[in-house]
């Protein structure tokens, strides 16, 4: 017989070995979860006095049942309907050139300021984030539009690439967000409340990014020279062109906020409206439509297989009691709640240097959520902290995914230059976390107000 | 100089075309149906006419299972299932190749078991009359659909192993905008 805690530790170690050997994250979790469930249940039954052969047979049956049952449970989860719908909405927004309209509008209003193009990129990223739940999609789409413009106006490479990489991360925080959906499903929180909790932090982080740009430009004015000043008619025209997109955002997010739509309904209405806007803009060809369908199905595959795997893996880890042991260990340390939170955030930052964001989210949830529950942290608030910590991973060296995306759009810019441009935004995110710790209401105000209505 | 991409065996090229077209036609139809049906039910039937479609949730649930089942094999060929490859550059070429073959073999066994169990659960669902709540749509066929999907992923892993043994490299199916 093996101790359950040791089994949990061995399970986690096996998982990391499989990940290091490049087994897909979902398959690693499925494999460890399946084998672990057999051993953990057999172990438990032998401990209660059952005959060894019978206990192993029972353990195998439970694991078989989990494997198929949890897979079907995840694939038929009504709340997860928002996944393909919001991905579809983001893909349609990406291929239809709406991102260009958003950037043009932000540029006409802010481009004449010092660092204005970089600020316009951040503002447009925030707008695009409200249509797309993916950081990478935001970085790719806005990068293709904004980087050539910033180059044209002689922006410093580090500020230009840094602002695109950082602006892209807003896609993960501003609803709809793929990360929030996964967090909500795995922690049994309301997707709607989590989305609402992301609104103010998303807006404040956008402002912090713009302040960071201003500080950079104050220190080094050559890095962000002002662009041409647009007249009022041009500004209003650009705002008009971005109107349909802003309308879709208002109807989708506003519909959820007012309780007019549930998140599932809002996602489908948003996808349909984005499709209609794309049709109206005549940007849908057979080729773009093909690309939208394949991108949507592809991203759906990524998210669902990982959720299915998490549904198999999380019960195994819970069964071993490892999370409970960790809770006991952490709470016995003389560091207080803030100390524990700092440790968790540091671990996220460390893991973010090597792991892909969604993988990191799914892998850490079974361990960190019991800690948050034991310390009676509000899981919605903690979700926003986790999402921002994950965002930092997206731009942290050496494998910040958004940095690689920006590098693929601007191959002539050295990685070191891009990472140099990241730091002001990285510190802005840290400041945002500090603000959320001091003022949890930034995240909780909207969900609590709406729940009390 | 960068290595040239190895040529793709004809059978994998054929699989890619079949997967792409099945995903485009059936996946596209399912996405379109789900979007329009859910939006119309929400905005027009429920809000405007105060007469929501009875059992809409049941239909959307089975449509979601179909979308998930259709997406998994495509994701297997495009490399959508996330791998952590930051250690690959520190591995010798031989270790990288053979460890990948072992990992894919393990993945194949796991997926084969999962497909078998899903198929088995499909049979049980049919025997015990498991259905959706309102429209009583039987779950059995959707278990079978997921089983076929997972089995297709297992077949893709076998073909990956074949590619690795043949040329030391797996050539993925590329779709436009795959970087998203």
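The values are calculated or read from the model by the stated rules, or taken from the named source; none is laboratory data. Note that the coordinates shown come from a computational prediction; the quantities given were computed from them, not determined experimentally. No Cβ is skipped: glycine too gets one built from the backbone with ideal geometry, and neighbour counts run over all protein chains shown.
Below, the figures for the structure above:
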item	result
Within region B:109-121, considering residues that are touching a residue at least 24 places away in the same chain (Cβ under 8 Å) and more than 8 Å from chain A (Cβ to nearest Cβ), the one farthest from residue B:57 (Cα to Cα)	B:112
Any hit, region A:206-223, residues being closer than 19 Å to residue A:257 by Cβ and either in contact with a strand residue (DSSP E or B) (Cβ under 9 Å, 6 or more places away or on another chain) or assigned to a helix (DSSP H, G or I) (or both)	yes
Residue check, residue A:411 within 14 Å of chain B (Cβ to nearest Cβ), under 17 Å from residue A:169 (Cβ atoms) and free of Cβ contacts under 8 Å to residues at least 60 places away in the same chain	no
Selection from region B:140-176 of residues that are free of Cβ contacts under 8 Å to residues at least 40 places away in the same chain and either at the interface with chain A (Cβ under 10 Å from one of its Cβ atoms) or touching a strand residue (DSSP E or B) at 6+ places or on another chain (Cβ under 6 Å) (or both)	B:143, B:147, B:176
Residues (in contact (Cβ under 8 Å) with a residue 24 or more places away in the chain and farther than 23 Å from residue A:309 by Cβ) located in region A:42-86	A:46, A:47
Test for residue B:99: is it more than 24 Å from residue A:303 (Cα to Cα), more than 22 Å from the chain's Cα centre (by Cα), without any contact (Cβ under 8 Å) to a residue 60 or more places away in the chain and within 7 Å of chain A (Cβ to nearest Cβ)	yes
Region A:17-41, subset in contact (Cβ under 8 Å) with a residue 60 or more places away in the chain and more than 14 Å from chain B (Cβ to nearest Cβ), residue farthest from residue B:104 (Cα to Cα)	A:41
Options B:56, B:93, B:42; residue that is loosely packed, with under 15 Cβ neighbours inside 10 Å, farther than 25 Å from residue A:306 by Cβ and out of contact with any strand residue (DSSP E or B) (no Cβ under 6 Å at 6 or more places or on another chain)	B:93
Residue check, residue B:86 assigned to a helix (DSSP H, G or I) and either out of contact with any strand residue (DSSP E or B) (no Cβ under 8 Å at 6 or more places or on another chain) or surrounded by 21 or more Cβ atoms within 10 Å (Cβ to Cβ) (or both)	no
Options B:124, B:51: the member that is loosely packed, with under 14 Cβ neighbours inside 10 Å and either more than 7 Å from every other protein chain (Cβ to nearest Cβ) or assigned to a loop (DSSP other than H, G, I, E, B) (or both)	B:51
Options A:184, A:212, A:178: the member that is within 14 Å of another protein chain (Cβ to nearest Cβ) and either within 21 Å of residue A:360 (Cα to Cα) or crowded, with 24+ Cβ neighbours inside 10 Å (or both)	A:178
Residue selected from region A:133-157 under the condition closer than 19 Å to residue A:391 by Cα, in a helix (DSSP H, G or I) and touching a residue at least 40 places away in the same chain (Cβ under 8 Å), by the criterion farthest from the other protein chains (Cβ to nearest Cβ)	A:142
Residue satisfying condition, being more than 7 Å from chain A (Cβ to nearest Cβ) and under 19 Å from residue A:265 (Cβ atoms), within set B:67, B:44	B:44
Filter result for the condition that a residue is touching a residue at least 12 places away in the same chain (Cβ under 8 Å), within 14 Å of chain B (Cβ to nearest Cβ) and surrounded by fewer than 24 Cβ atoms within 10 Å (Cβ to Cβ), over A:354, A:313	A:354
Residue count for region B:74-95, restricted to those that are under 14 Å from the mean Cα position of the chain (by Cα) and more than 8 Å from chain A (Cβ to nearest Cβ)	2
Residue in region A:251-258 that is within 24 Å of the chain's Cα centre (by Cα), within 11 Å of chain B (Cβ to nearest Cβ), under 28 Å from residue B:42 (Cα atoms) and surrounded by fewer than 24 Cβ atoms within 10 Å (Cβ to Cβ) present	yes
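Yes/no per residue for (1) closer than 27 Å to residue B:81 by Cα; (2) within 8 Å of another protein chain (Cβ to nearest Cβ):
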{"site": "A:283", "(1), (2)": "no, no"}
{"site": "A:306", "(1), (2)": "yes, yes"}
{"site": "A:318", "(1), (2)": "yes, no"}
{"site": "A:323", "(1), (2)": "yes, no"}
{"site": "A:326", "(1), (2)": "no, no"}
{"site": "A:334", "(1), (2)": "no, no"}
{"site": "A:338", "(1), (2)": "no, no"}
{"site": "A:346", "(1), (2)": "yes, no"}
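Each row is one residue, and each column tells you yes or no for (1) at pLDDT 95 or above; (2) under 23 Å from residue A:223 (Cα atoms).
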| position | (1), (2) |
| --- | --- |
| A:394 | no, no |
| A:398 | no, no |
| A:417 | no, yes |
| A:421 | no, yes |
| A:440 | yes, no |
| A:446 | no, no |
| A:453 | no, no |
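One line per residue, one yes/no per condition, for (1) within 26 Å of residue B:152 (Cα to Cα); (2) facing chain B (nearest Cβ under 8 Å); (3) at pLDDT below 90:
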position: A:241; (1), (2), (3): no, no, yes
position: A:246; (1), (2), (3): no, no, yes
position: A:264; (1), (2), (3): no, yes, no
position: A:295; (1), (2), (3): yes, yes, no
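Residues checked against (1) free of Cβ contacts under 8 Å to residues at least 60 places away in the same chain; (2) over 23 Å from residue A:295 (Cβ atoms):
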position: B:50; (1), (2): yes, yes
position: B:53; (1), (2): yes, yes
position: B:56; (1), (2): yes, yes
position: B:67; (1), (2): yes, no
position: B:72; (1), (2): no, no
